[in-house]
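Take a look at the structure below.
The values are calculated or read from the model by the stated rules, or taken from the named source; none is laboratory data. Since the model is a prediction, treat every value here as computed from it, not as a measurement. Here the Cβ positions follow ideal geometry from the backbone for every residue, glycine too, while neighbour counts run over all protein chains shown.
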Amino acid sequence: MTDTATTERPTGLSGLLSRITTGSNAGSLRTSLTTVASSLAAVAIALSICAVLLLVTGKSPVDAYSTILETAGDSNKLLEMLRRSTPLIFSATAVAVGFKMNLFNIGVEGQYLFAALIAAEAGSRVSLPAVAHIVFILLVAMAAGALWASISGILKVYRNIHEVISTIMLNYIALSVIQWLFENFFRDDTVEGLNVKTTIIAESGQMPDLVDGRLNAMFLVALATAGAFWVLVYRSRFGFRLRASGYNPNAAEVAGIGARRMVIAAMLISGAIAGLVAMYSVIGETYAYGPSATPTQFGFAGITVALLGRNHPIGIVIAALLFGFLDSTSAVLQLADVPNSIVKVMQSIIVLAVVVVNEATIRRLNARTAEQMRAQTDSGEAS
């Protein structure tokens, strides 16, 4: 699990091509093992810091961690972990696509909420066979997410507006556009009360459950998306061009890779994946879009999971499962008289510790590699 956003970038075309073709992006076995070990060490450090915080607040870290470990043996909590991890996998994968292109897509929140509204409304207006209906809704969600994300890509390419600024602002614009569309065009007026929604999607467009009422098949779609991300980025010509442009846009241009086109493509793909974030709710639980029924804040949580997972699909899935598990323990901790806010604190400290420790590890590996290269050069000149 390597991270292209934190490694030192080569400055020349030869270094760029050498780095990619030798597979250093995926990492050698030794580097991968070192990265895994450093991540585990960072998690241990984070747990130690959280233990100190619990002691300071007058709570027992032993009781807190014992409660969390006991929860791991509860099948219901494990199913809840899988359910909670599903949108995180989509969100983190969307963010990771941008990171591979050296783009920081902070607009996943607005992209998936806009996609949820459009997909829910489109899904309620068509009549198709079961599988085709679900595929149609997912494709509409991806198209809507890609459309909203493309605005940032176009602004960056043609107006040189940094994607961080444009995606943040588009999040707020998306909320206003969604509210306007929902209140004036898409709201189901037959629904009374505060829990207003769009028209309910027909049964043919509802994603079936893997475990009745506990986990729907969107979890499998999330895993498939992570797998597709791996194939796209690490095993395709497009992925080579994407990573090349992210490493060094100038060298990529010299090699005939259009960096501007890659920016647009990366934002489109990132937005398309972002469009799937809320689908576990839209077609798996509520079967509609509603301001109070559709979950929020997964866009920013995805950034955290992507960083923790080192922008690698395996790391993303593991990080999403970890966060999903921690979230599932909140209620149990509260019953055990442990503040459930410790879960958010723990997640934040884990991310900070992983980023700091892995950055230190990467710098050490880079320094060691540089020393080895100098030693080989000196020995070659001596001979």
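Assorted remarks:
- Spans of helices (runs of 4 or more DSSP H) in the range 1-83 with at least 1 residues modelled with pLDDT of 85 or more and under 30 Å from THR329 (Cβ atoms): 29-56, 61-71
- Per-region count, the range 84-101, residues outside any loop (DSSP other than H, G, I, E, B), within 17 Å of ALA266 (Cβ to Cβ), out of contact with any Lys or Arg (no Cβ under 7 Å at 6 or more places or on another chain) and not small (Gly, Ala, Ser): 5
- Residue selected from the range 102-125 under the condition part of a helix (DSSP H, G or I), crowded, with 24+ Cβ neighbours inside 10 Å and of a type in the set (Gly, Ala, Ser), by the criterion farthest from the chain's Cα centre (by Cα): GLY123
- Residue in the range 294-301 that is assigned to a loop (DSSP other than H, G, I, E, B), among the hydroxyl-bearing types (Ser, Thr, Tyr), within 29 Å of ALA228 (Cβ to Cβ) and touching an Asp or Glu at 6+ places or on another chain (Cβ under 8 Å) present: yes
- Of the helices (runs of 4 or more DSSP H) entirely within the range 236-282, those holding at least 1 residues that are within 13 Å of MET101 (Cβ to Cβ) occupy 237-247, 249-254, 259-274.
- Qualifying residue in the range 299-312 (condition: aromatic (Phe, Trp, Tyr), modelled with pLDDT of 90 or more and either in contact with a Cys (Cβ under 8 Å, 6 or more places away or on another chain) or under 30 Å from GLY239 (Cα atoms) (or both)): no
- Meets criteria (in a helix (DSSP H, G or I) and in contact with a strand residue (DSSP E or B) (Cβ under 8 Å, 6 or more places away or on another chain)) for PHE219: yes
- Note on the range 52-69: residues that are without any contact (Cβ under 8 Å) to a residue 24 or more places away in the chain and within 28 Å of the chain's Cα centre (by Cα) amount to 2.
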